[in-house]
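A.B. asks: There's a structure below that I have some questions on.
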Amino acid sequence: MMEHWGGDVAGVDEAGRGPLAGPVMVAAVILARPIAGLRDSKKLRPQQRERLAQQIRAEARAWVVASAGTWEIERDNILAATLQAMDRALRALPIRPRHIVVDGNRVLPQWQAEAMVGGDDRVDAVSAASILAKVARDREMTLLDRQYPLYGFGRHQAYGTAVHLEALRRFGATPIHRRSFAPVARILEERK
């Protein structure tokens, strides 16, 4: 059951930790009131996410989407880059939250926050953050699909699908591929 924790709680979630290319996106959201239909973004159809994202952006007390690019992921690792993007999102919120709930099991030590596994399906502000992060990352991957049309980023958002792995084998890696991720590293080694 979705809980509404009030108008001074920031929900935080990410999208894009698992894909083989592109940025990781993090959203922080403070809701003014409950919004019907919120849940984990992965459990919603794209049209539902888009509609809810529009409503969240219009009705939330505050919201921010931040990112960490491929170069940060490669330099620091995916977890550290995700935490850096979380910090950016929270710092950019125009309202200082009383409490922060982060989906997952990791939080930033510099923020008084609560980690909640499954929070994106339990706390409405976290669900809202999940939706905004997913919509923002999908849009970014659609733009990157135009820049790198041989890879199909607009269809699979850079996850390790058979189509994506085959494109990597045929064409090599783009500058946005995460070379430190095992499937990419393995294919690049095979191509030598």
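A.B. asks: Please count how many residues of the range 21-48 are over 26 Å from Asp145 (Cα atoms), in contact with a Ser or Thr (Cβ under 6 Å, 6 or more places away or on another chain) and open to solvent by less than 80 Å² (accessible area, probe 1.4 Å).
C.D. replies: Within the range 21-48, residues that are over 26 Å from Asp145 (Cα atoms), in contact with a Ser or Thr (Cβ under 6 Å, 6 or more places away or on another chain) and open to solvent by less than 80 Å² (accessible area, probe 1.4 Å) number 1.
A.B. asks: So, in the range 147-170, of the ones that are touching a strand residue (DSSP E or B) at 6+ places or on another chain (Cβ under 8 Å) and assigned to a loop (DSSP other than H, G, I, E, B), which residue ends up surrounded by the fewest Cβ atoms within 10 Å (Cβ to Cβ)?
C.D. replies: Across the range 147-170, the extreme among qualifying residues is Tyr151.
Results for (1) modelled with pLDDT of 95 or more; (2) farther than 25 Å from His177 by Cβ; (3) in a helix (DSSP H, G or I), shown as yes or no for each residue.
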position	(1), (2), (3)
Arg91	yes, yes, yes
Pro97	no, yes, no
Val102	yes, yes, no
Val107	no, yes, no
Glu140	yes, no, yes
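A.B. asks: Would you confirm, using the coordinates I've provided, whether Arg51 is part of a helix (DSSP H, G or I), surrounded by 14 or more Cβ atoms within 10 Å (Cβ to Cβ) and free of Cβ contacts under 8 Å to residues at least 60 places away in the same chain?
C.D. replies: Numbers: part of a helix (DSSP H, G or I): yes; surrounded by 14 or more Cβ atoms within 10 Å (Cβ to Cβ): yes; free of Cβ contacts under 8 Å to residues at least 60 places away in the same chain: yes.
So Arg51 fits the description; yes.
A.B. asks: Follow-up. All but one of (1) open to solvent by less than 10 Å² (accessible area, probe 1.4 Å); (2) under 12 Å from the mean Cα position of the chain (by Cα) hold for Gly18, so report the exception by its number.
C.D. replies: (1)
A.B. asks: Quickly run through the range 62-116 and pick out the residues that are β-branched (Val, Ile, Thr) and without any contact (Cβ under 8 Å) to a residue 60 or more places away in the chain.
C.D. replies: Across the range 62-116, the qualifying residues are Val64, Val107.
A.B. asks: Only residues that are charged (D, E, K, R) and farther than 16 Å from Leu20 by Cβ: list them for the range 116-152, please.
C.D. replies: Going residue by residue through the range 116-152, those that are charged (D, E, K, R) are 120-122, 124, 134, 137-140, 145-146.
Correct list: Asp120, Asp121, Arg122, Asp124, Lys134, Arg139, Arg146.
A.B. asks: So which residues in the range 55-106 are among the small types (Gly, Ala, Ser) and loosely packed, with under 14 Cβ neighbours inside 10 Å, if there are any at all?
C.D. replies: Once the filter is applied, which keeps residues that are among the small types (Gly, Ala, Ser) and loosely packed, with under 14 Cβ neighbours inside 10 Å, the range 55-106 yields Ala58, Ala80, Ala92.
The values are calculated or read from the model by the stated rules, or taken from the named source; none is laboratory data. No experiment lies behind these values; they were computed from the predicted model shown. When we count neighbours, we look across all protein chains shown, and the Cβ atoms used for this are built from the backbone with ideal geometry, even at glycine. What goes into the accessible areas is simple: the full protein's heavy atoms, side chains included, and nothing from ligands, DNA or RNA. Shrake-Rupley method; radii C 1.70, N 1.55, O 1.52, S 1.80 Å.
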